Amino acid sequence: MKLMTLREAIATYVHDGDTIAIEGFTAFICFAAGHEIIRQRRRDLTLCRMTPDLIYDQMIAAGCARKLVFSYLGNPGVGSLHCVRRAVEKGVPRPLELEEYSHFGMVARYVAGAARLPFFPLRSYLGTDQPKVNPCIRFLQSPYGDDLVAVVPPLNPDVTIIHAQRADLQGNTQIWGLLGVQKEAAFAAKRVIVVVEEIVDEAVIRSDPNRTILPGMMVDAVVHQPYGAHPSYVQGYYDRDNQFYLAWDRLSRDPALTQAWLEEWVYGVKGWEEYLTKLEAQEPGIWQRLAPGEAFSRPVNYGVYG
Amino acid sequence: MKLMTLREAIATYVHDGDTIAIEGFTAFICFAAGHEIIRQRRRDLTLCRMTPDLIYDQMIAAGCARKLVFSYLGNPGVGSLHCVRRAVEKGVPRPLELEEYSHFGMVARYVAGAARLPFFPLRSYLGTDQPKVNPCIRFLQSPYGDDLVAVVPPLNPDVTIIHAQRADLQGNTQIWGLLGVQKEAAFAAKRVIVVVEEIVDEAVIRSDPNRTILPGMMVDAVVHQPYGAHPSYVQGYYDRDNQFYLAWDRLSRDPALTQAWLEEWVYGVKGWEEYLTKLEAQEPGIWQRLAPGEAFSRPVNYGVYG
Amino acid sequence: MADYSPAEMMIVASARALAGKRVVFVGVGLPNIACNLARRTVAPDLELVYEAGVFGARPARLPLSIGDPTLVSGSTLVCSMADLFLYYLQGGRIEVAFVGAAQIDRFGNINTTVIGSYTQPKARLPGSGGACEIAIHAKELFVIVRLSRRAFVERIDFCTSAGHLTGKPGERTALGMPGLGPQLVVTDKAIFTFDKETGEMILSSVHPGVTVEEVQAEVGWPLRVAPHLEVTQPPSAEELRLIREELDPTGVYGRE
Amino acid sequence: MADYSPAEMMIVASARALAGKRVVFVGVGLPNIACNLARRTVAPDLELVYEAGVFGARPARLPLSIGDPTLVSGSTLVCSMADLFLYYLQGGRIEVAFVGAAQIDRFGNINTTVIGSYTQPKARLPGSGGACEIAIHAKELFVIVRLSRRAFVERIDFCTSAGHLTGKPGERTALGMPGLGPQLVVTDKAIFTFDKETGEMILSSVHPGVTVEEVQAEVGWPLRVAPHLEVTQPPSAEELRLIREELDPTGVYGRE
């Protein structure tokens, strides 16, 4: 049975020392999974993500990670990731090793991992200092001429966790909106956890097979966790809670405030349902504030043949 | 103005000696464009396509091509491509140079072409005779270890022609069903012609941006040509006309019958509208025979934010 | 015992070989019917991946080609050729794949390119399609081919898809091929497996009424015969019913 | 003449530089407003490509981040990061791109990685994001950065994105970089262009009321000044109206 709670999924598939990727480009960021990993006190993780965002800031503040593999460190549209900076600049709460690429380099690493290629070529990095601080970035001459291209090695997470609008019980998963690098990160992984807003009947999936980005056969756990991406957003379901992104910018500058926040909102709750209850108690009407209007896709006819 | 007739599009963008790709994996094969190229008597073309199918068989029989770049020669589900075989085995109507890959090799060539990579690596060809007869297939050692991978060079057609369900007047193009390698072939090309069943208002496109495979900015000509993929099919619009695939297997074995067919159905008509009129005269009710039933995708909510 | 055709025997033998498998890469024709038969008998969880990029197909009719639109409608996922070859096939997600062959040699190397010389062919065949990489990446390769001296040759005219190469142990691994290579050849007269060490083809089962001599007569090299040669279990009444009534009611593939 | 802020001057100057352009790669913030202003003034056919993989966006509000959902709804195309970087950016489809900079040197080389040493940084900055490859592939690169001695330095602490490298003619071409590199630097006090041969930064226009000396005071190397130094045309009433009433009505970006 693939359907499980987030607690079960993290307990079963995420282990100390694992390399994990919680992907989603500014959207679909599975905070629920990140919090559960903090709550289960995983240690020595290598965290991979193009844009670490607040979720990795929180996990790093909680001491889960020994290393970060990334391409852009920032609180999107707001500023810095203060916990990541504290770990890098001051070793607080523990030192953090960085392995750094450009966006294209990270994408290329996931693609190579997903496709079992020993390297992926890209035209980047030439003339910059990036290869000097990351020996994994190398250069290769084209067998067809003088062209020199950069190459990066495959990235194969032990676990990739993605958040999506919907999946069926077999794990067939559909996403619309920003696609980011979720598909590639999932194919590159040894184990895949999909967290969704809705579990739907497979007839819904089958009505639009081009919308499916992952086939059930490669999904190890399906978790039903509505609002699991808060404070990031899910296209068509809820908006980004920008107030939280701004609040985090303030409180995360202070290590004590950061730990107090983790105590209250992560360690202090049993799971995501309790987090949501607390959230609604703090701001009744939050989901109305974040609810988008309706803008439906026009249906397309796949046709019945037979 | 991008909207033009097929005659204008071919006259403007397809020249003698060009390398062209009419892509579509068993579906969306733009026979209308192939016939127009025959009718305009283009010569010395290099024809690229994973699966040459009947359309290239016809173009080769008509003497348009000097070279074929491909990965699978066949009348799908039926048998051989007799005109291609005649050109290869007997030089009739003229000799045909072959440049041959596997499916993955062709896909990789288009991807490299689309991404301006000097080569694309794939794990294939080792242990086979294919590199012996195609010097473009080479091998490369990974900079991270002993792995030996095959590489293929980019394929950049002068023109790629694809058939789709719908586009708007700017050329934003949507396809559902088998995606084949159309996107990659279009991105790899210097010029792109899109032939569609329907021209739709851009509001239709904008209702489902994840469905768009080509942005208008890279489309040079948009042609409105309903039933332009007959006898192949368009998902949700019409079925493959298998009777024609079977009939072609018989008549294409005979060079005289083949030429007679070209005279009657290609040279003998002014354009695709006349072809369709002839087709309906020959078989009233053909479109009812080929019409699929309705199976609509369930709409998804993209949300209104703002 | 019901009467059955050689094609039906091939379908049934292929289906049985899928017992317990999860993900099969399939073309149309006999493999398609075999896989669908396996789903209804020995491999209910079998996921069919069609070469055109379709998963979980629920065809409402017998598909006419690997790209039939009936495979798309109501399937669970349709992807591009780039995704299919990069992430599914090369990505190592395919457990078993079926391929055909114009010629096959003692070590399961396959020709689907030319008969005669490459530049002056006697017959120009379809070429690789996806077979070359399928033979490298699928964990197991099953070959379906009619038994004939034209097909089972000492030396193939062209190697399109790698089998067990020259038969040296470990040769595939040394070339970095993740798949095990050909594991089974199903024909209209017999079934062959391969020596785990050398990759040599072994006659392991003859269909009812077929003798080893008849098989040898159609094979262009001195055939190794399994110490415990079996006689293939003929199709059961239920297997035949499924083929004839549900999977191929018009007899396109099964009645030859 | 209307009063305007330095940020408004930057937006207007950036927008005007897009005259006649077709495809711009854009992040949120000032570049976003500049591009939308250009669409309404000097470049009506400008196609905005957002770094999150969105084309033809019709945002119903000012986007909060490059991945704001309002960019997606009603856009013409949304693609994966792989498609964006492989086919759009590296594929050569981007005409102009905007980037920011923490440090920029005389030849337009850009640092957004660290201040101080890489291993013991005084300040850890965001890193490359897509900037490294944008600087290689976009046909023209426009930099938006506030003028300050901290930013305009003789030697950047880390080269994240290549500009004109060491200023040797043809150096970018020799490295196979398809884009022309930095063509324009827009600041709150002045506009810079680059020598076509050597790629050296040239002060080409000062904003109204700013002197060359004030600019030089904020630049860490002896500045080359264009023979015909211009004074930037201040924002027109219509440009300001568009910014204030339509593009940034709440004054998030324009009022600093």
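We did not get these values from a lab; they are worked out from the coordinates using the rules stated. Because the structure is a prediction, the values reported are computed rather than measured. Note: ideal-geometry Cβ built from the backbone for every residue, glycine included; neighbour counts use all protein chains shown.
Take residue C:174, move 7 Å from Cα toward the beta carbon, and the resulting point lies 4.4 nm from the same point in each other copy, nearest first. What whole number of Å gives the distance from the Cα centroid of segment D:1-61 to the Cα centroid of segment B:40-74? Measuring centre to centre over Cα atoms gives 45 Å. Ordering B:272, C:202, A:277 by Cα displacement along the dipole of the protein assembly as shown toward the positive end leaves C:202 in first place; charges were set at the Cβ atoms of Lys, Arg (+1) and Asp, Glu (-1). Residue of chain D with the Cβ closest to the rotation axis carrying D onto C, and that distance rounded to whole Å: D:82, 5. Averaged over residues, the count of other Cβ atoms within 10 Å places the peptides B:205-215, D:124-134 in the sequence D:124-134, B:205-215, highest first. Proximity of backbone amide H atoms, modeled 1.01 Å from N, is registered between residue B:75 and B:80, B:81 at under 5 Å, excluding neighbours fewer than 5 places apart on the same chain. Annotation: the antiparallel percentage among DSSP beta bridges lying fully within chain C is about 45. The relative contact order of chain A, computed from alpha carbon pairs under 8 Å that lie at least 6 residues apart in sequence, is 20 percent.
In a simple Cβ point-charge model (Lys, Arg +1; Asp, Glu -1; nothing else charged), segment C:68-189 has a dipole of about 440 debye relative to its Cα centre.
Note that segment B:32-76 shows a convex hull volume over its alpha carbon atoms of 60 Å³ per residue. Per-residue 3J(HN,Hα) values for segment A:99-107, derived from phi via the Karplus relation 6.51 cos²θ - 1.76 cosθ + 1.60 with θ = phi - 60°, read 10, 10, 10, 8, 3, 4, x, 5, 4 Hz in sequence order (x marks Gly and Pro). Considering the zone a paramagnetic label at residue C:216 would reach in this model (a point 7 Å from Cα along the Cα-to-Cβ line), which residues of segment C:160-190 have amide N under 11 Å from it? The answer is none, because no backbone nitrogen lies closer than 11 Å to the label point. Counting, for every residue in D:58-66, the Cβ atoms of other protein chains within 10 Å of its Cβ and taking the mean gives 5. Once you reduce segment C:177-222 and segment A:239-306 to the center of their Cα atoms, the two points are 61 Å from each other.
Placing R0 at 41 angstrom, the Cβ-Cβ distance between residue B:97 and residue C:195 gives a FRET efficiency of 0.50 after rounding to 0.05.
Taking C:73, C:204, C:14 in turn, the Gaussian network model of chain C (Cα-Cα springs below 10 Å) assigns the largest fluctuation to C:73.
The rotation axis taking chain B to chain A passes closest to the C-beta of one chain B residue; that residue and the distance in whole Å read B:299, 3. Under the convention that each Lys and Arg Cβ holds +1 and each Asp and Glu Cβ holds -1, the size of the dipole of segment B:146-225 around its Cα centre is about 140 debye. Peptide B:168-177 is shielded by partner chain Cβ atoms: per residue, an average of 4 of them sit within 10 Å of its Cβ. Inter-part distance, segment D:72-89 to segment C:104-139, computed on C-alpha centroids, equals 38 Å. By the rule of a C-alpha distance below 22 Å, with chain neighbours fewer than 8 residues away ignored, the lysines paired with residue D:21 are B:2, B:190, D:139, D:196. Summary for residue C:245: label point 7 Å along Cα→Cβ; distances to the equivalent points in the other copies, ascending, 7.7 nm.
If you plug the beta carbon distance of residue D:115 and residue B:147 into 1/(1 + (r/R0)^6) with R0 = 45 Å, you get a FRET efficiency near 0.70. Volume per residue for chain D equals 129 cubic angstrom (convex hull of Cα atoms). Between copies, residue D:150 shows label-point distances of 8.1 nm, shortest first, with the point placed 7 angstrom from Cα along Cα to C-beta. Partners of residue D:122 within straight-line reach, counting lysines whose Cα lies under 29 Å from its Cα and excluding those fewer than 8 residues away in the same chain: A:67, A:90, A:132, D:189.
Compactness check for the protein assembly as shown: Cα Rg over 2.2 N^0.38 Å is 0.96.
Within 10 Å, Cβ to Cβ, of residue A:152, how many net charges do the neighbouring residues add up to if Lys/Arg are +1 and Asp/Glu are -1? Overall, the nearby charge balance is +2. Under 16 Å from a label point 7 Å along Cα→Cβ of residue B:249: give me every residue in segment C:61-98 with its amide N that close. Counting only backbone N, you get C:62-68. Taking D:70, D:173, D:198 as the candidate residues, the one with maximal mean-square fluctuation in a Gaussian network model of chain D, Cα springs under 10 Å, is D:173.
Take each residue of peptide C:84-97, count the partner chain Cβ atoms within 10 Å of its Cβ, and average: the result is 6.
Across D:235, D:208, D:31, mean-square fluctuation computed from a Gaussian network of chain D (C-alpha pairs under 10 Å connected) peaks at D:208.
Once you order the gyration tensor axes a ≥ b ≥ c over the Cα atoms, which shape class does chain A get: rounded for a/c under 1.5, otherwise prolate or oblate by comparing a/b with b/c? Judged from the Cα gyration tensor, chain A comes out oblate (a/c at least 1.5, b/c at or above a/b). Only helices enter the 222 nm calculation for the protein assembly as shown: every DSSP H run of n ≥ 4 contributes -39,500 (n - 2.57), and dividing by all residues gives -7000 deg cm²/dmol, rounded to 500. Dipole check for the protein assembly as shown: with +1 at the C-beta of Lys and Arg, -1 at the C-beta of Asp and Glu, and the Cα centre as origin, the magnitude is about 1340 Debye.
When the Cα positions of A:163, A:187, A:149 are compared along the charge dipole of segment A:135-189, A:163 comes out farthest toward the positive end, with charges on each C-beta of Lys, Arg, Asp and Glu.
The mean of 1/r over all distinct Cα pairs in segment A:36-186, once inverted, gives the Kirkwood hydrodynamic radius of 16.9 Å. Of all beta bridges that DSSP places with both ends in segment A:70-165, some 90 percent have antiparallel geometry. With both residues required to sit in the protein assembly as shown, DSSP beta bridges show an antiparallel share near 40%. Extent along the principal axes, Cα only, for segment C:102-194: 34, 31, 23 Å, with the longest axis given first.
The alpha carbons of segment D:32-125 occupy a box of 45, 30, 29 Å along the principal axes, longest dimension given first.
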